[in-house]
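Remarks on the structure that follows.
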Amino acid sequence: MSAIPATLPAAHRGPPPAPAQPGDDLAQVDTPALLLDLDVMEANLRGVHARIQAAGLRIRAHGKAHKCPPLALRQIDAGAQGICCQKVGEAEVFASWGVQDILVTNQVVGPAKAERAARLAGQVRLAVCLDDAAQVAVLAQAARRHGTQLGVLVELDVGQGRCGVADPAAVVALAQAIEAQAPALAFRGLQAYRGSAQHLREPQARRQAVEQACAQVRTIVQALAARGLSCELVTGGGTGSYLYELESGLYNEVQPGSYVLMDTDYGANQPDPQAPALGHALSAWCTVISAQGERAVLDGGLKAFAVDAGLPRVLAPGWKVSSLSDEHTVIVKDGGARPLAVGERVRLLPSHCDPTVNLHDWLVAVRGERVEHVWPVAARGALF
């Protein structure tokens, strides 16, 4: 039996090498790689933030979309209150890069995660969500052990059919249980995210879904007030619906995430004329590794693209994606396409940005044809 080396060879320590270096030309970027068009990203950032700020609401950008601390810091520099994430592990990574205000928009269940959250609350302003009384005591015990305070939001089910409670009496009971654990826990308000509204194609359908959620949230806010419970924060919304949470007079914070990247699923939404137009900032850069007449094969497959929302879209005119396997994307002629040669590079648009980014270690941030930054996807794989 071969001996297992005591230390890894130098070539295998730490993250894999980056596909590019700042200052490289686009043609020098190794593939497959994720490209972030800085001009488009910055236009998306300015447009969405200006619209939210004009309405007087806070922006809490969702870091789960990009898992990239340098991009999160740019969102904060552009006016975001802080970030959201979905896992304590993500929060730990963002905090290590200097993000100071973080909301984990998910249930933090079990002593191990509660311990980590309570410890992190000694370094940053941290809040978490819950929808069950069993979580209250575990979180409070951990916060007391570390001498910290955790902010807690009660998550509502406002039509998503996932986590959250819907009954006003149950929300009141949870808020009271949280308040009873002061100062270890602080009831901060409500997490009310209608995720199913994000990809409804027609603006009116998205608006109606949010209006339904708002009617439910108003009833719950009134029930809390009747028991003397102040609801400091009503937060939620996303890239597809934030405009309607802005108009509600109820939400005071919104959580767009994909707006800085975009993907073909969001791009399929019919835009609301009142919302800023969003461009595709994220693309994949791939190399043709085989060319056989009407067919060409690219060097990025299922390990480079998430396909839960459909196949990626190739931007080579007259070509379309036919299929993906582990390491290959097959594209075929779809009209009057010019032939592609081995070694040529093509761009593709992912169908779902969040899980696609989670497959990569780096975002290659480009301006025009030049690499400006190479940013680590540092929270990649932070699943717990």
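The numbers here are math on the coordinates, done by the rules we state, and not lab data. Small disclaimer: the values here were computed from a predicted structure and weren't measured. Every residue, glycine as well, gets a Cβ built from its backbone with ideal geometry; the counts of neighbours run over all protein chains shown.
Before moving on, here are some points about what is shown:
- Working note: Debye formula, equal point scatterers on the alpha-carbon atoms of the range 237-384, no solvent; log10 I(q)/I(0) at q = 0.10, 0.11, 0.16, 0.19 Å⁻¹ is -0.42, -0.50, -0.95, -1.20.
- Prolate/oblate/rounded label for the range 38-262 (Cα gyration tensor, a/c 1.5): oblate
- Couplings 3J(HN,Hα) for the range 346-351, derived from phi with the Karplus relation 6.51 cos²θ - 1.76 cosθ + 1.60 (θ = phi - 60°), are 9, 9, 9, 9, x, 7 Hz, where x marks Gly and Pro.
- Against the chain, whose longest principal axis comes from its Cα atoms, helix 133-146 is set at around 90 degrees.
- Rounded to the nearest 500, the 222 nm mean residue ellipticity of the chain from helices alone is -8500 deg cm²/dmol, with -39,500 (n - 2.57) taken per DSSP H run of at least 4 residues.
- Amide H contacts under 5 Å for ASN106, placed H, 5+ residues apart: CYS129
- Nearest-ten-degree value, helix 111-120 long axis tilted from longest Cα axis of the chain: 90
- Sorted on the mean count of surrounding Cβ atoms within 10 Å across their residues, most packed first, peptides 236-245, 105-114 read 236-245, 105-114.
- Summed side-chain charge close to SER283 - residues other than SER283 whose Cβ falls under 12 Å, Lys, Arg +1, Asp, Glu -1: +1
- Scaling the Cα radius of gyration of the chain by the globular reference 2.2 N^0.38 Å produces a ratio of 1.07.
- Sequence ranges 195-201, 225-231, 163-169, 185-191, ranked by mean other-Cβ count within 10 angstrom, highest first: 185-191, 195-201, 163-169, 225-231
- To the nearest ten degrees, helix 168-179 and the longest principal axis of the Cα atoms of the chain are 80 degrees apart.
- The residues neighbouring ALA192, those whose beta-carbon lies less than 11 Å from its own, together hold a net charge of -2 under the Lys/Arg +1, Asp/Glu -1 convention.
- By definition, a body whose alpha carbon gyration tensor gives a ≥ b ≥ c is prolate when a/c is 1.5 or more and a/b is larger than b/c, and the range 27-151 fits this prolate description.
- Along the range 227-244 the Karplus relation, 6.51 cos²θ - 1.76 cosθ + 1.60 evaluated at θ = phi - 60°, assigns HN-Hα couplings of 9, x, 9, 7, 9, 4, 9, 10, 10, x, x, x, 4, x, 10, 4, 4, 7 Hz to successive residues, with x for each Gly and Pro.
- Sequence-distant residues sharing a close amide H with ASP24 (under 5 Å, placed H): VAL371
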